[in-house]
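What follows is a single structure, written as structure tokens, with notes after it.
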Amino acid sequence: MVNLTPPNHGRLAGKPVPQPTRWPSLLPWLSLLALSLLPGVASASMFKGETLDSVAMGLAWFIIAVMPVAGIVVFWKVHILPEKIAEKRHHPQKDAIQTLCLLSLVFGGLLWPIAWLWAYTKPVSYRLAYGTDKGDEYFVEMADEAQAGKLSAGDMKFVRDELDSIASKGAMPLELHHAREKIEAALVAATARASAARAVEPAAKGAA
């Protein structure tokens, strides 16, 4: 008599038979869904044929030629920001900040945060040593503005006092001597105009 019982029937007896998973049955449907979407994606492009090739070639050349140059320009503009900030704030150590920005290029940008902080730091020790916390170009610009009549008497007195403080600390550059002379002359002229205006007011009131 032939035994038709499977060899492992005894080992599977009393154990649950594993059920097949559902995912294999879903794979054909997912494949059909993906294939049905492909034509819609392909037809979504507004360019076809040679036009599509030309657009792709132009985009490739733009990415290869323009983007690196634009990236270098943006990187350079950001990298010299501390120098520009120091110039705008008339920092007396702007040349050192500029040098630090250039050195930061060699060290992979590690010195850039130091230059940024330095540009915003008020140079207290420099003022103690030289009598001011402004660069020489600041006083030259203020002297030109005073000569053009763009500064008030109070501002001119402040700049003059700053120059006197610099002179008290030691030898003052020649350009600052010229700046002080311009400010002093502009201050004298402004005082004379103010005195003349005060003298005219009573006469005008009396005539009225």
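The values are calculated or read from the model by the stated rules, or taken from the named source; none is laboratory data. What you see is a predicted model, and the numbers here were worked out from it, not measured in a lab. Here Cβ is always computed from backbone atoms with ideal geometry, including for glycine, and neighbour counts include all displayed protein chains.
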Condition set touching a Cys at 6+ places or on another chain (Cβ under 9 Å) and aliphatic (A, V, I, L, M), scope region 73-118, selection farthest from residue 135 (Cα to Cα): answer is 111
Within region 83-121, of all residues that are in a loop (DSSP other than H, G, I, E, B) and of a type in the set (Gly, Ala, Ser), the one surrounded by the most Cβ atoms within 10 Å (Cβ to Cβ) is 109
Is it the case, given these coordinates, that residue 129 is touching a residue at least 40 places away in the same chain (Cβ under 8 Å), aliphatic (A, V, I, L, M) and part of a helix (DSSP H, G or I)? yes
Exactly one of 45, 54 is in contact with a helix residue (DSSP H, G or I) (Cβ under 8 Å, 6 or more places away or on another chain) and at pLDDT below 90, and that one is 45
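Yes/no per residue for (1) within 28 Å of residue 75 (Cβ to Cβ); (2) not small (Gly, Ala, Ser):
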position: 89; (1), (2): yes, yes
position: 94; (1), (2): yes, yes
position: 103; (1), (2): yes, yes
position: 119; (1), (2): yes, no
position: 126; (1), (2): no, yes
position: 130; (1), (2): no, yes
position: 148; (1), (2): no, no
position: 166; (1), (2): no, yes
If you go through 108, 135, 131, the only one that is on the phi > 0 side of the Ramachandran plot, small (Gly, Ala, Ser), under 25 Å from the mean Cα position of the chain (by Cα) and modelled with pLDDT under 95 is 108
